[in-house]
Amino acid sequence: MRLRRVKNALETVENSKYIILKPESHKGKFNEIFGNNNPIYLEIGMGKGDFIIQNAINHPENNYIGLEKYESVQMRAVQKLECLDIPNLRLIHMDAENLNEVFDKEIDTIFLNFSDPWPKNRHAKRRLTSSFFLNIYDSTFKGKPHIIQKTDNIGLFASSIVSLSEYGYTIHNCSLDLHNEDMENFETEYEHKFSSKGQKINYLDAVKE
Ligand SMILES: C[S@@+](CC[C@H](N)C(=O)[O-])C[C@H]1O[C@@H](n2cnc3c(N)ncnc32)[C@H](O)[C@@H]1O
């Protein structure tokens, strides 16, 4: 992903009412931030935010946290949220590698949307569905680990299916053409870009029993 340095991005992100500053201080008690015990859905690599914002607006019965490591990207989501009041949505600016410092048995589902594919074998550990990351996610889940992935990249998709299966996940639902399935779907920015060029979107829903 090509990144531009954006002036004041960190300041803009940190000043947003949606951002959780010092997220590690809420470890094990994120439900207090939302003021309820509704399920918490976490999107890792939220990018510019369309997916998590639409989910939160359409599903007030759930809580949503969007996580992104680059402030210049997350700033775009923060700008979209400026005039909106969405009580069941929060954002965190951090790298998913540090998730264990922040969450303890409180996440219902992790969304991985159009994650960087890292096609070279020597970079396989960096894929967000590698065993390295699946191991990090384990202790964040409240109940059975549950991951939903969307991607245009068939190489990443295949690698995810192998990695999730080897790690003990069962793929409950899978599609090579999500947009032709009869199911609710909120598009991400990348998804919109790829599907408008005619590319098919891959989807999987996996649970570790
Ligand atoms: C290809 S973009 C997709 C963005 C968005 N999900 C979409 O579909 O439009 C991948 C995003 O994941 C973020 N990302 C990659 N690795 C991450 C990590 N370890 N922790 C947090 N965010 C990460 C990147 O900064 C980038 O914004």
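Among SER72, SER115, a tally of other beta-carbon atoms within 10 Å of each Cβ gives an order, fewest to most, of SER72, SER115.
Expressed in units of 2.2 N^0.38 Å, where N is the residue count, the Cα radius of gyration of segment 114-198 is 1.15. Residues considered: MET183, MET75, MET94. Largest GNM mean-square fluctuation over the chain, using C-alpha springs under 10 Å, is found at MET183.
Taking every DSSP bridge with both residues inside the chain, close to 40 percent are antiparallel. One compactness figure for the chain is 0.97, namely its Cα radius of gyration divided by 2.2 N^0.38 Å.
Sorting the segments 139-146, 26-33 by their residues' average number of neighbouring beta-carbon atoms within 10 angstrom, most packed first, yields 139-146, 26-33. Here the Karplus curve 6.51 cos²θ - 1.76 cosθ + 1.60, taken at θ = phi - 60°, turns the phi angles of segment 191-197 into couplings of 4, 4, 4, 5, 5, 6, 8 Hz, with x standing for Gly and Pro.
The magnitude of the dipole of segment 8-148, with charges of +1 and -1 set on the Cβ of Lys/Arg and Asp/Glu and taken from the Cα centre, is near 480 debye. Note on segment 16-143: dipole from Cβ charges, positive end direction compared against TYR64, THR140, TYR18; the farthest Cα belongs to THR140. Within the listed set ALA77, ALA96, ALA158, the Gaussian network model of the chain (springs between alpha-carbon atoms below 10 Å) gives the highest mean-square fluctuation for ALA158.
Label-to-label distance for SER72 and ALA158 is 3.3 nm, based on points extended 7 Å past Cα in the beta-carbon direction.
Between VAL78, VAL102, VAL162, find the one with the highest GNM mean-square fluctuation for the chain; connect C-alpha pairs within less than 10 Å. Maximum fluctuation in the GNM of the chain, among the listed residues, is at VAL162.
Over what distance in Å are the Cα centres of segment 1-73 and segment 141-185 separated? Distance between centres, Cα-based: 22 Å.
With an 8 Å cut-off on Cα pairs and a minimum separation of 6 or more residues, tell me the relative contact order of the chain in percent.
Computed over the chain, the figure is 21 percent.
Hey, fewest Cβ within 10 Å first, where do THR170, THR188, THR129 land in order? Ranking THR170, THR188, THR129 by Cβ neighbours within 10 Å, fewest first, gives THR170, THR188, THR129. Database remark: amide H of ILE107 closer than 5 angstrom to the amide H of PHE141, LYS142 (H placed geometrically; neighbours at sequence offset of 5 or more, or on other chains; Pro and chain starts carry no H).
Each reported figure results from applying straightforward, stated rules to the coordinates on display, with no laboratory input. Not measured: the values here are computed from a predicted model. Reconstructed Cβ throughout: ideal geometry from the backbone, glycine too, with neighbour counts over all protein chains shown.
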